[in-house]
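The structure under discussion appears below in the form of structure tokens.
The values are calculated or read from the model by the stated rules, or taken from the named source; none is laboratory data. Nothing here was measured: the structure is a model prediction, and the numbers come from that model. Backbone-built Cβ (ideal geometry, glycine too); neighbour counts: all protein chains shown.
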Amino acid sequence: MPLDPDTFDALIDHLRRFVSERLRPLEAEVEANDAIPDSVVAEMREMGLFGLSIAEEYGGLALSMVEECRVAIELGRTTPAFRSTFGTNVGIGSQGLVMAGTPEQKAQWLPRIASGEIVTSFALTEPDVGSDSGSVKTRAVRDGDVYRLSGTKRYITNADKADLFTVMARTGDEKGARGVSAFLVPRDLPGVSVGEPEKKMGQKGAKVADVHFDDVPVTAANRLGAEGEGFKIAMRVLDRGRLHISAVCVGVAERLIADSVAYASERHQFGHPIAQHQLIQGMIADMKTEALAARALVMETAAAKDAGKDVVLESAAAKYFASEMVGRVADKAVQIYGGAGYIADYGIERLYRDVRLFRIYEGTSQIQQVIIARETLKRGG
Ligand SMILES: Cc1cc2nc3c(=O)[nH]c(=O)nc-3n(C[C@H](O)[C@H](O)[C@H](O)COP(=O)(O)OP(=O)(O)OC[C@H]3O[C@@H](n4cnc5c(N)ncnc54)[C@H](O)[C@@H]3O)c2cc1C
């Protein structure tokens, strides 16, 4: 049974307070230490955030897509790394299992994923394989009851603390996406190793690292779906993930607009608050209009997904528009703050760097354009 509306509204109220009173005061500390405090992770576990999208029978909150997007918007109003802490458990790290797992696989892993006891990662990208994700080179060769997995995955979010990886690897001789299968790979198997976290432009506190698989024996019972279905599973996972990311973009944009309005109302130049200058108002109007448009697109697509509709095109459009939109909003926020927008103490330059990632991961803007055009041509308009 999903949450009743009153309980869901109470969750949103609670989250809003958690974000404004608990998380926002920690933003500078997270940036400086490049880490989320353990106490915050524990509170997030307590609130059920690691299991938002997982069925109740496995201990999750079983939120609909609309509800999950509303939660993502709330979490967007602070440093995105806080959301990333549980983001892979809710999204790309667990959804392959949710969509294609057997009852045994689900029973084995989902309760611990939903509670946050374990962290999951999604491992598709490789050193030579990014946007052309159907061409993965990591190999899984059948050897009796196990597959022997070898290869390297790159830029894997939360790899530093992950206990379980969903790994896309080539099983067949078929070229391209049809030769790819998906596997659940526990970190403690022999031959799994994780590299040092990368130094990044933004989103400090959320780590990415390489994951190496050196002849790792993965039991055949850990394959997700049939051989050759891995790419399809990965794409379904990403369709869903793109909507969640779009919602986060809306949240960050709303935060930036609120901060910009507050600053523009306080800061005086030429004898007036700068908010009274029409050129500043023009920027605020553009920021607000774009954020409203993105919110409408995200929520309408989420509702269509909940209704069982095919939203491949709309999810890509939401990710494309919302991620580009928040980039433009962040740029204008820096402009409204003037010199202060460039100075770390005000936090605006940090968000400006943080949001740059949204145009790159879970499919770049160009890949979203490719999907949108392909689906539009297929639908005939
Ligand atoms: C912080 C971070 C976290 C990440 N987390 C994960 C994760 O958890 N799991 C995971 O598997 N991956 C993850 N990634 C990888 C991410 O999804 C890829 O970086 C992304 O898909 C782009 O691939 P690439 O970096 O290889 O760029 P490339 O594919 O090399 O692209 C380079 C440029 O070429 C453009 N391009 C490529 N193909 C086309 C085309 N057909 N038409 C037009 N333009 C094209 C791209 O848009 C881009 O502008 C993460 C990346 C980062 C930076």
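Residue-level check: of (1) touching a residue at least 60 places away in the same chain (Cβ under 8 Å); (2) under 30 Å from K137 (Cβ atoms), A318 misses just (2). Within segment 243-261, residues that are outside the structural domain of S365 (by TED's automatic domain parsing) have Cβ atoms under 9 Å from residues that are not in a helix (DSSP H, G or I) in no pair, counting only partners at least 6 apart in sequence or on another chain. Only residues that are modelled with pLDDT of 95 or more, part of a helix (DSSP H, G or I) and touching a Lys or Arg at 6+ places or on another chain (Cβ under 8 Å) were counted across segment 211-248, and they come to 8.
If the condition is being more than 7 Å from the ligand (Cβ to nearest atom) and not in a helix (DSSP H, G or I), then segment 336-369 contributes I343, G347.
The set of residues from segment 1-34 being in a loop (DSSP other than H, G, I, E, B) and exposed (fewer than 15 other Cβ atoms within 10 Å of the Cβ) comprises M1, P2, D4.
Selection within segment 36-69: residues that are in a loop (DSSP other than H, G, I, E, B) and either small (G, A, S) or free of Cβ contacts under 8 Å to residues at least 12 places away in the same chain (or both). The member of this set that is farthest from F18 (Cα to Cα) is A55.
Looking across segment 114-130 at every residue that is outside any loop (DSSP other than H, G, I, E, B) and over 19 Å from K153 (Cβ atoms), the one that is nearest to the ligand (Cβ to nearest atom) is identified as A114. The residue of segment 131-143 that is nearest to the ligand (Cβ to nearest atom), among those that are outside any strand (DSSP E or B) and in contact (Cβ under 8 Å) with a residue 24 or more places away in the chain, is S131. Taken over segment 118-147, the criterion of being more than 23 Å from G191 (Cα to Cα) and among the charged types (D, E, K, R) is satisfied by D132 alone.
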